[in-house]
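Have a look at the structure below, then the notes.
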Amino acid sequence: MEASTSAWCGLPPAATPLNCGVLWFLHIPKTGGTTVRHYLQRGSHKSGWKFVGLLRHRLGYLNDTTHPAGWANATAVRAGGDAAEDAAAYVAAALNSRTWADIRREVEGSTKPRLVVEQHTGSLGLGDVLLHAPLAELACALKRKGCRLMLATALREPLAHAQSLAFYHGISRHRFDTFGASTANAQSRYVMGSALGRQSGDDETLRRATLSTLDYFEAVGCTEAANCGGIAALLRTLHATLGWDAAAAESVAAERDGSWRNPTNSSAKYEVDAAMLEGARRHTRVDDAVYRSFVRTGGAPCPPRPRARLRCGG
């Protein structure tokens with residue numbers, strides 16, 4: 001994307017202050033999300049907001065193609081059990097977990113709730129599960145209090161993301177293409193299912209579902225500084241929205257003290273040749289279409305964000 005002729009349209013031109021409510025950050029792996037989490041954690045503690053992390057460790061999600069994962073300490077999946085029943089059990093367990101209870105308690109028990117949620121690996125899929133039921137209910141509860149739910153995330157240029165993901169997981173050169181196939185369109189699948197290897201239908205179905213889900217996001221940043229101002233631009237948007245210390249967003253984006261980053265060991269990196277890149281292109285076609293949907297060329301105006309709003313029932 002050439003900066004002189006193109007614009008990134010994932011961030012609002014002017015932030016709408018979030019005086020109370022929930023900032024929900026979907027942390028897609030290897031997009032700079034650890035930097036954003038560090039800023040949100042530190043800012044929450046300094047500004048009197050509550051921070052909640054939704055993730056589940058030791059899941060083995062790269063090999064999981066049969067069911068979504070909950071963030072509860074559930075034992076719902078049975079060997080040889082029915083996948084649909086197990087998926088429903090995971091959803092039920094997650095929505096009855098202590099973490100979800102903490103979120104509901106903050107939203108329902110506070111006159112002016114101020115909550116930041118980071119959704120990461122192992123949580124229920126935002127697009128597949130959370131968006132039109134649990135999150136819609138939270139949004140409606142917040143609206144009744146004069147507050148709102150804000151969704152935010154960051155995307156990465158797909159070829160760069162595919163390489164970073166492979167390097168981070170220690171994938172050797174001879175396994176690069178196989179790994180790319182098993183994690184095809186990882187960012188789009190993560191938006192929908194919060195798991196890199198989960199299947200979500202054919203490519204066109206996945207593309208449409210991902211774009212529809214991202215229409216509810218108020219802020220979609222990108223990792224590359226040359227394309228959109230990088231993670232620093234997303235942090236500036238979040239700062240302006242939350243009204244936190246302006247210097248904090250800049251300092252977090254610039255810090256490299258090693259205490260919070262999630263870097264890839266340099267020894268795991270290698271030169272990716274043209275054939276490997278061509279394979280990566282085949283495996284990231286949906287991600288590329290989604291990423292480029294936020295790019296406007298030739299001076300075309302950016303549409304407003306968010307383009308869709310969650311509806312309250314009744």
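The values are calculated or read from the model by the stated rules, or taken from the named source; none is laboratory data. Bear in mind the structure is a predicted one, so any value in this text is a computation, not a measurement. In this analysis, Cβ positions are derived from the backbone assuming ideal geometry, glycine residues included, and neighbour counts consider all displayed protein chains.
Just the residues that are in contact with a Leu (Cβ under 9 Å, 6 or more places away or on another chain) and part of a loop (DSSP other than H, G, I, E, B), please, taken from the range 20-50.
Just the residues of the range 20-50 that are in contact with a Leu (Cβ under 9 Å, 6 or more places away or on another chain), to begin with: 20-33, 35-36, 39-40, 43-44, 47, 49-50.
Cys20, His27, Ile28, Pro29, Lys30, Thr31, Gly32, Trp49 - these are the residues of the range 20-50 that are in contact with a Leu (Cβ under 9 Å, 6 or more places away or on another chain) and part of a loop (DSSP other than H, G, I, E, B).
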When the residues of the range 119-151 are narrowed to those that are free of Cβ contacts under 8 Å to residues at least 60 places away in the same chain and assigned to a helix (DSSP H, G or I), which ends up surrounded by the most Cβ atoms within 10 Å (Cβ to Cβ)? Leu130
Name the residue that is surrounded by the fewest Cβ atoms within 10 Å (Cβ to Cβ), counting only residues in the range 20-58 that are of a type in the set (Gly, Ala, Ser) and over 15 Å from the mean Cα position of the chain (by Cα). Gly48
Top-ranked residue in the range 182-225 [being surrounded by 24 or more Cβ atoms within 10 Å (Cβ to Cβ) and on the phi > 0 side of the Ramachandran plot; ranked as modelled with the highest pLDDT]: Asn185
